[in-house]
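Notes for the one structure printed next.
The values are calculated or read from the model by the stated rules, or taken from the named source; none is laboratory data. A quick note: this is a predicted structure, and the numbers were derived from the prediction, not measured. Cβ coordinates were reconstructed from backbone atoms using ideal geometry, including for glycine residues, and neighbour counts include every protein chain displayed. Accessible surface is based on the protein model in full, side chains and every heavy atom, while ligands, DNA and RNA are left aside. Shrake-Rupley method; radii C 1.70, N 1.55, O 1.52, S 1.80 Å.
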Amino acid sequence: MQRLTRLGALTLACACVGNMLAEAARGLRDAFNTDFLSSFYTAADMLRHGDHAIYCSACLQAAAQRLFHAGPAVFSFQYDNPPLGAWLLQPLTYLGSQTALAFFLLASLVALGAAGWLLRDDIRRTPNHILIAVVAFASFPAAMTFAYGQWDGFLALAATGAYAALRHDRQVLAGLLISVLMLKPQLMWLVPVVVVIAGSWRVLYGMIVGGLIWGLSSVAILGWPNTVLWLRQISPNIVARTGLSLPHVLVAFGATSSLVVSASVVLVVVTAVALFAARRWLRSLELERLLSLGLLLSMLAAPHLLSYDLIILAPLIVIWGRSNEFHALGAALVLSAAFLVDLVLPMSWAIVEGLALLGVAFLYCHDIWSAPASDLADPTRRLGATLLRVGESTARDAGSART
């Protein structure tokens, strides 16, 4: 029976890794349908040639047609990320388009490897933890970041680095690293709310520095008029389609873009009030758990969230496995299973992943709510608990010596 269990685990791990590699190959094969070429690479090439109109959809499409000699039907994307993202990709525009995509995907794989290395102490604990890491980082939805040439592999590394920094009590560095996710602000927009209510000011300082870097770099790269244009013309259509967050579920019932955004705002307000009411409990949590809670709540309330964004939860799931292997592995498997179910549903009703994300968030909150006092973040409590255990052990040893 144990051999069969190991064989099943090995088969599952191989299926996840094989699927991720297959999605990377698919991205290379269908290169001109990836976000990397139609948006990121094109915007970077425009910046390299002094064209700052990267947030003009028609301009981006015209530039793509000049670059790739492709018809207008192929390109329907708009560049929505901060300008610093496109600016950093300028060196890749000296390469051919498909070569640049291959380099980008390879760098994404390396980023995931680096994230795994940062979590090596967790992953090497038991074979179960190795399986949890593989199923989390190479989940079926996470693999879509390679199919579309998305940023999320690098963002997962930044989130993992933030967790690692928190473990070494480098809170400002952790805040700076988590601010990298401002490349896609919807992935972390409630993290500052959680941090402020919990009173983790050093983490907040790091996030503020990161936010200033994003903001000032935008003005430096584009100038003030084009930066304002970005804020005004980010595509409103990104929220008026199905996705994984709770507001996206409303799209299946005919919700408009404005209604989805309104639902996101309402969720943020309700969440902030609930967190403030539970602030004493919130302040008792470890910083790693605060970050995890902020990421989960951000995704649940996001106005725009797609399958590949779930890779950001991979480090959360791996760390979760330290306290509850069964729940962590179950969370990773449920997200992959929900992705497969959504594949066979009509696009307008592909909401199973959103419900699965809600279930994962509920289970995680249940686990940290019911965590024993020894897991609390207060250093004095931890020290007291440690001294108490040492004292009890010393007393037992002394008693044994007398007998």
Subject >> In sequence order, calculated HN-Hα J values of region 98-105 (Karplus, 6.51, -1.76, 1.60; Hz; x Gly/Pro) >> reply: 6, 5, 4, 5, 4, 5, 4, 5
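Calculated from DSSP H runs of 4 or more alone, at -39500 (n - 2.57) each and per residue, what is the 222 nm mean residue ellipticity of the chain, nearest 500?
Numbers: 21 runs with 272 residues, N = 403.
Calculated from helices alone, the mean residue ellipticity at 222 nm is -21500 deg cm²/dmol.
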Original post:
From the backbone phi of region 17-33, what are the Karplus-calculated ³J(HN,Hα) couplings (6.51 cos²θ - 1.76 cosθ + 1.60, θ = phi - 60°) in whole Hz, Gly and Pro given as x?
Top reply: 5, x, 5, 4, 5, 5, 5, 5, 5, 5, x, 5, 5, 9, 3, 7, 9
**OP:** For region 102-204, run through the chymotrypsin sites (Phe, Trp or Tyr not before Pro) and keep only the ones in DSSP coil with at most 15 other Cβ atoms within 10 Å of their Cβ.
**Re:** none
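Roughly how big is the chain's charge dipole about its Cα centre, with Cβ charges of +1 (Lys, Arg) and -1 (Asp, Glu), in debye to the nearest 20? All intermediate terms of the calculation are to be shown ahead of the outcome.
Numbers: 25 positive and 21 negative charges, 157 e Å.
Computed about the Cα centre, the dipole is about 760 debye.
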Original post:
Taking 1 over the mean of 1/r across every pair of different Cα atoms in the chain, what Kirkwood radius in Å do you get?
Top reply: 22.5 Å
Original post:
Tell me, what HN-Hα J-couplings in whole Hz come from the Karplus equation 6.51 cos²θ - 1.76 cosθ + 1.60 at θ = phi - 60° for each residue of region 204-220, using x for Gly and Pro?
Top reply: 4, 4, x, 5, 5, 4, x, x, 5, 4, 4, x, 5, 5, 4, 5, 5
**OP:** On a C-alpha basis, how far is the centre of region 7-46 from the centre of region 251-265 in Å? Whole number, if you could?
**Re:** 30 Å
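List the trypsin sites (Lys or Arg not before Pro) in region 125-202 that DSSP assigns to loop (not H, G, I, E or B) and whose Cβ has at most 13 other Cβ atoms within 10 Å. Which are they? Don't skip to the end; give the middle numbers.
Working: sites: 125, 167, 170, 202; in loops: 125, 170.
For trypsin sites (Lys or Arg not before Pro) across region 125-202 that sit outside H, G, I, E and B with at most 13 neighbouring Cβ atoms in 10 Å, the list is empty.
Kirkwood Rh over alpha-carbon pairs of region 186-298, then Stokes-Einstein at 25 °C and 0.890 mPa s: what D in µm² s⁻¹, rounded to an integer?
Working: Rh = 16.0 Å.
Stokes-Einstein gives a translational diffusion coefficient of 153 µm²/s.
Could you rank 49, 129, 69 by how accessible they are, 1.4 Å probe, largest area first? All intermediate terms of the calculation are to be shown ahead of the outcome.
Details: 49 125, 129 10, 69 160 Å².
Result, largest first: 69, 49, 129.
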Subject >> Any cysteine of the chain lacking a neighbouring Cys Cβ under 4.7 Å - listed by number >> reply: 14, 16, 365
Original post:
Hey, what's region 102-228 come to in accessible area per residue, 1.4 Å probe, Å²?
Top reply: 39 Å²
